[in-house]
Amino acid sequence: MRAMTKALVGVTAAVGIASGSLATAATSAAAPAEQPRAGAVGLQQAPLAVNNLGLSTPQARYVQCWIQDYWGYKGALDGKLGTNSWKALQRWLKKHWGYGDKIDGIVGPDTIKALQRDLKKHHGYTGKIDGIAGAKTKAAFKDFAADSKPYC
């Protein structure tokens, strides 16, 4: 048995050296199989990212009710502001608040800046238009959600 172990370690080390790294020698024989590509037929896609920007589930649901009524949101009223919720919000931000990026549902700095413009004018936001969703942005977004409540 000991001879067999030495032989296996020797072969593994040789494979590691041949592949350019002794550090990979120990793992080269036990490397995991390559993972299938995302989007391959029959595979489930990762869940959409949720970014409620500090809103509770009921508060986020109020926002979803509003975007459903006015901005083409067709998803569930589940209180999770995911990609489709943010796409609807980006359509609104593009039309009224200077959002100039893609309608992709990603809550990046441009989305936050446009949101901050509305929050500054209508919801008590007193911070800079800086694209950072800090405490003041989140507090004003809660006011926005409260104003959206009648749409549910």
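The values are calculated or read from the model by the stated rules, or taken from the named source; none is laboratory data. Note that the coordinates shown come from a computational prediction; the quantities given were computed from them, not determined experimentally. Because the Cβ atoms are built from the backbone with ideal geometry, glycine has one as well, and the counts that use them run over all protein chains shown. Each accessible area value is taken on the protein alone, full model and side chains, heavy atoms only, with ligands, DNA and RNA left out. Shrake-Rupley method; radii C 1.70, N 1.55, O 1.52, S 1.80 Å.
Ignoring ligands, DNA and RNA, please state the percent of accessible area on the range 87-152 from carbon and sulfur, probe 1.4 Å. Don't skip to the end; give the middle numbers.
Details: 1850 of 3550 Å².
Whole-percent figure for carbon plus sulfur exposure: 52.
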Report task. Sum up the charges of everything whose Cβ sits under 14 Å from the Cβ of Ser56, counting Lys and Arg as +1 and Asp and Glu as -1, but leave Ser56 out. Result -> +3
Query raised in the report: Taking the mean number of other Cβ atoms within 10 Å as a proxy for protection, how do you rank 115-125, 78-88 from highest to lowest?
Result: 78-88, 115-125
Query raised in the report: With the calculation restricted to Cα positions, what are the radius of gyration and Dmax of the range 70-131 in angstrom?
Result: 11.6, 33
**Report entry** Solvent-accessible area of Thr126 with every protein chain in place, 1.4 Å probe, in Å² to the nearest 10
**Finding:** 100 Å²
Query - Cβ-based net charge around Gly105, under 15 Å, with every Lys or Arg adding one and every Asp or Glu removing one - result: +3
